[in-house]
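The values are calculated or read from the model by the stated rules, or taken from the named source; none is laboratory data. Here the structure is a predicted model, which is why all the values come from computation and not from measurement. No Cβ is skipped: glycine too gets one built from the backbone with ideal geometry, and neighbour counts run over all protein chains shown. Surface areas here come from the heavy atoms of the whole protein model, side chains and all, with no ligands, DNA or RNA. Shrake-Rupley method; radii C 1.70, N 1.55, O 1.52, S 1.80 Å.
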Amino acid sequence: MIALRSVLFNTIFYANLIIRMIVLSPYYFLAPRLTAYAIPKNWARSNHWLMRVIVGTTFEIEGLENLPDGSYILAPKHQSFWDTYALLPWLKDPVYILKRELMWIPLFGWYAKKQRVIPVDRGARGKVMVEVLKRTKEELSTGRQLIIYPEGTRRPPGAEPVYKYGIARMYRDLAIPVVPIVMHPGLFWPRRSIRRYPGHFKVRILPPIMPGMDPDAFFAHLIEVSERASDELLLETVETNPHVPLPPTAVERLAELRRLKAATA
């Protein structure tokens, strides 16, 4: 049944994306930018409904009160395609920094350009990165929220963290709060897999890290608070969903966490 539900969900998920993009394009491109943002936000809501009804996967969000007013940097753990869109309904006016190659995808690239996303060449240095920072400051000056994945790419649950220092530079140069977020959707929507698993998980929004810290101290603090909260949530999620198959990274990390817990008991 899991295989059948996974195929059904994936088929409807991508059909939902493509059909909405095509049918709603006239309204999307003629409407003011903020008004048009209702389309991707409603698409995200429809995906949550599809996951619940077809796969049997639900989630809840803790810590919405930790989101500041105005501009801030959202720094989520990144495990799955799910977390690229999941929080859109709860954010006022988010902006992404994304790979420039994504802008070349028909329809998607046009939709992204309408929302003034910030494309970047991952291998770029020097003047290109200066221009990215300039564009980011321009967008944030209007009160938008910047979404950055500190590890840069999807990592399986329990994997050794590989944070990129770029977020510390952003923190220093933009001088706005950074809000860490931990979650484990990768247990239910694994990367590089068509399988989707039923269950329930939490998205935990941590208290914001306010501007003013030394960049190195901020970077160490971000990793420490994010990884501690992520470990706690991994234990909780697995205990709540004992039926979910675990990747080797999660199995190894859970064993280590349980050893540490037993040693301090």
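Within segment 156-171, is there a residue that is in contact (Cβ under 8 Å) with a residue 40 or more places away in the chain, β-branched (Val, Ile, Thr), more than 17 Å from residue 236 (Cα to Cα) and in a strand (DSSP E or B)?
Scanning segment 156-171 turns up no residue that is in contact (Cβ under 8 Å) with a residue 40 or more places away in the chain, β-branched (Val, Ile, Thr), more than 17 Å from residue 236 (Cα to Cα) and in a strand (DSSP E or B).
Could you please find all residues in segment 131-172 being out of contact with any helix residue (DSSP H, G or I) (no Cβ under 9 Å at 6 or more places or on another chain), hydrophobic (A, V, I, L, M, F, W, C) and modelled with pLDDT under 90?
Listed by number, the list holds a single entry, 132.
Please enumerate the residues belonging to segment 213-231 that are outside any helix (DSSP H, G or I) and either free of Cβ contacts under 8 Å to residues at least 12 places away in the same chain or among the basic types (Lys, Arg) (or both).
We begin by selecting, within segment 213-231, every residue outside any helix (DSSP H, G or I); these are 213-214.
Within segment 213-231, 214 is the sole residue that qualifies.
Just one of (1) at pLDDT below 95; (2) farther than 26 Å from residue 194 by Cβ trips up residue 78, so point out which.
Of everything listed in (1) at pLDDT below 95; (2) farther than 26 Å from residue 194 by Cβ, residue 78 misses just condition (2).
Please count how many residues of segment 100-123 are open to solvent by less than 90 Å² (accessible area, probe 1.4 Å), under 19 Å from the mean Cα position of the chain (by Cα) and touching a residue at least 60 places away in the same chain (Cβ under 8 Å).
Counting residues in segment 100-123 that are open to solvent by less than 90 Å² (accessible area, probe 1.4 Å), under 19 Å from the mean Cα position of the chain (by Cα) and touching a residue at least 60 places away in the same chain (Cβ under 8 Å) gives 3.
Go over the candidates 15, 3 one by one and state the one that is surrounded by fewer than 16 Cβ atoms within 10 Å (Cβ to Cβ), under 29 Å from residue 240 (Cβ atoms) and among the aliphatic types (A, V, I, L, M).
Details: 15 fails: under 29 Å from residue 240 (Cβ atoms).
After applying the criteria, what remains is 3.
Got a sec? Which of 2, 97, 54 is of a type in the set (Val, Ile, Thr), more than 18 Å from the chain's Cα centre (by Cα) and modelled with pLDDT under 95?
2
Where the second residue is of a type outside the set (Asp, Glu) and assigned to a helix (DSSP H, G or I) and the first is open to solvent by 40 Å² or more (accessible area, probe 1.4 Å) and lies in segment 45-73, which pairs have Cβ atoms under 6 Å and are six or more apart or on separate chains?
Short answer, once both residue conditions are applied: 45/89; 58/52.
Please enumerate the residues belonging to segment 232-247 that are open to solvent by less than 30 Å² (accessible area, probe 1.4 Å) and assigned to a loop (DSSP other than H, G, I, E, B). Reasoning before the result, please.
Kept after step one, since they are open to solvent by less than 30 Å² (accessible area, probe 1.4 Å), are these residues of segment 232-247: 233-234, 237-238, 241, 244.
Correct list: 241, 244.
Of the residues that sit in segment 14-41 and are polar (S, T, N, Q) and touching a residue at least 24 places away in the same chain (Cβ under 8 Å), which one is nearest to residue 185 (Cα to Cα)?
Per the criteria, the residue is 16.
What number of residues within segment 153-178 satisfy the criterion of being open to solvent by 20 Å² or more (accessible area, probe 1.4 Å) and within 16 Å of the chain's Cα centre (by Cα)?
Adding up the residues that qualify gives 8.
State all residues of segment 79-96 that are part of a helix (DSSP H, G or I) and over 23 Å from residue 159 (Cβ atoms); if no residue qualifies, say none.
Hits for segment 79-96 are 88, 89, 90.
Being part of a strand (DSSP E or B), closer than 13 Å to residue 203 by Cα and of a type in the set (A, V, I, L, M, F, W, C) is the filter here; which residues of segment 41-73 pass it?
Matches in segment 41-73: 59, 61.
Kindly establish whether residue 25 is farther than 28 Å from residue 207 by Cα and open to solvent by less than 40 Å² (accessible area, probe 1.4 Å).
Numbers: farther than 28 Å from residue 207 by Cα: yes; open to solvent by less than 40 Å² (accessible area, probe 1.4 Å): yes.
Judged against the criteria, residue 25 is a match.
List, please: which pairs have Cβ atoms under 9 Å, are six or more places apart or on different chains, and start with a residue in segment 179-206 that is open to solvent by 20 Å² or more (accessible area, probe 1.4 Å) and end with one that is part of a loop (DSSP other than H, G, I, E, B) and aliphatic (A, V, I, L, M)?
Correct list of pairs: 197/244; 198/244.
Starting from segment 232-249, keep only residues that are under 19 Å from residue 205 (Cα atoms), then list their pairs with residues that are of a type outside the set (Val, Ile, Thr) and open to solvent by 90 Å² or more (accessible area, probe 1.4 Å) whose Cβ atoms are within a distance under 9 Å, requiring at least 6 positions of separation or different chains.
Matching pairs, first to second residue: 235/258; 235/261.
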